[in-house]
Structure formats: structure tokens, C-alpha cells
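For reference, the structure discussed in these notes is given below.
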Amino acid sequence: DQKEVFDEVSLLVQSALDVLMLHHSTHHLLLDDLQQTQLLTDEKDQKTFHSLGVALLDLQSHAEKQELWGELQSDEDRTTNRQVRDILINLTRCCRVETTTLNFLSAHEPNVSVQDMLRNLGAFDVAMTVLSLVSSIPDSSEEIANNTREILRMCCVFLTWFIRGNKANQELAHE
């Protein structure tokens, strides 16, 4: 009789602990998600977010398939190469705006809202995928290696503007 009561109490205690763990872990996950949420209030921001997302998906896809087009053997390969460069140029341009005050160091300043959008879209991981192309340089001809180096340089410029003046992005890059 005591064993049955003990088993029931033990089961009740375990169930209560399970409910508490579920509640607190869900609560913690929800708070984490809310801290990483970016509210897009106007249509322009929504369009920007969408276009940046498409650009990052294209860049990720091209970077992952670089061994297929990286030798620049066909017109299609050269077109893909141009697309990669154009995406990196566009992402860099989006991360900055012209300064509104006199600044002798730079004609541009960070566009924090776009930097935040890019962070929320996973731009840092995409950039790391692009930077991993460095491993293809030793096995390439000089022309192909130089092309890859230029893509890597452009990605570094993008990353510079992605983290410039943005503490959250700087912390992400530091990790």
C-alpha cells in the first residue's frame, strides 16, 4: 500500500517537474525569439527585407556551387560570377548610407536597420560560406585564383560594412 502511494507521489512529482521544465524552457525560447525579432513597419522595409533575403539565398547557392562555375569556362559561368560580384556590391551598398554631416574619414555611415535585417536573414553565415572559397585557390590557375581572391575581397568589404557601428553584428562576428 505504501509502495503504491510512493509510486503515485513520485509520478506526480515527476509530472510536475516536467510541466515546470516545459514552461520555463518555452518561456526562455520565446524571450530569445522576441529579442531577435525585427519589426518591419512600412512597405519599403518589407520590400528591402524580401530583396535582401532573395539576394542572400542566391549568394549562398552560388557559393556552394562555385566548383561548378568557378573555372569560368562558359558564358553561363561568367554570368554567375558577375551575379556573385553584383550581389556583394549591392549588399555592401545597402549596409551604408551617405553621411548627412561633414565627415573627413568617410562619405558613408552604417545603415543599422539594414545591417539588422541582414543579421536576421543569416548574412554572416552566407558570408562565411563565400569566404570558404579560399580553399579552392591553391588548385586553381592564376586567372581563376585572382577571380576568387577578388570575390573574397568583396566579401570582406561587405563584412566590414555589415559589422561597422553595429554592436550585435560585431558580437556575432566575434563568436
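Can you sort T79, T100 by solvent-accessible area, 1.4 Å probe, largest first?
Numbers: T79 75, T100 125 Å².
Putting T79, T100 in descending order of accessible area: T100, T79.
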Among S136, H62, I89, the residue whose Cα sits farthest towards the positive end of the charge dipole of the range 28-175, when +1 is placed on the Cβ of each Lys and Arg and -1 on the Cβ of each Asp and Glu, is I89
Each label point is 7 Å from the Cα along the Cα-to-Cβ direction; what then is the distance between the points at K47 and E142, in nm? 4.7 nm
Theoretical FRET efficiency, 1/(1+(r/R0)^6), r = Cβ-Cβ of S132 and H174, R0 22 Å, to 0.05: 0.70
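What FRET efficiency would be calculated for the residue pair V157, T79, taking the C-beta separation as r and a Förster radius of 22 Å, to the nearest 0.05? Spell out each step's value before the answer.
On the way: r = 22 Å, r/R0 = 1.00.
With a Förster radius of 22 Å, E is 0.50.
Leaving out ligands and nucleic acids, and using a 1.4 Å probe, what accessible area per residue does the chain come to in Å²? Working shown, then result.
Values: 12040 Å² over 175 residues.
Accessible surface, normalised per residue, equals 69 Å².
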Counting Lys and Arg as +1 and Asp and Glu as -1, each charge on the Cβ, what is the dipole of the chain about the Cα centre in debye, to the nearest 20? 940 debye
Would you pull out the residues with amide H under 5 Å of R96's amide H, same chain only if 5 or more places away, H placed 1.01 Å from N? N111
Options (i) 45, 24, 14; (ii) 25, 20, 15; (iii) 112, 12, 7 are given for semi-axes √(5λ) of the Cα gyration tensor in Å, and the computed one is (i)
Candidates S25, S74, S51: whichever shows maximal mean-square fluctuation once the chain is modelled as a Gaussian network with Cα springs under 10 Å: S25
Compute, for D116, the solvent-accessible surface of its heavy atoms (probe 1.4 Å) with the complete set of protein chains present, and express it in square angstrom to the nearest 10. 40 Å²
Which helices of the chain meet both criteria: a Cα extent of 27 Å or more along the helical axis and a mean Kyte-Doolittle score no lower than 0.0, with helices taken as whole DSSP H segments? 2-35, 142-163
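The values are calculated or read from the model by the stated rules, or taken from the named source; none is laboratory data. Source: prediction; values computed, not measured. Cβ: placed from backbone, ideal geometry, glycine included. Neighbour counts: every protein chain shown. Just so you know, the surface numbers come from the protein's heavy atoms only, side chains and all, with ligands and any DNA or RNA stripped out. Shrake-Rupley method; radii C 1.70, N 1.55, O 1.52, S 1.80 Å.
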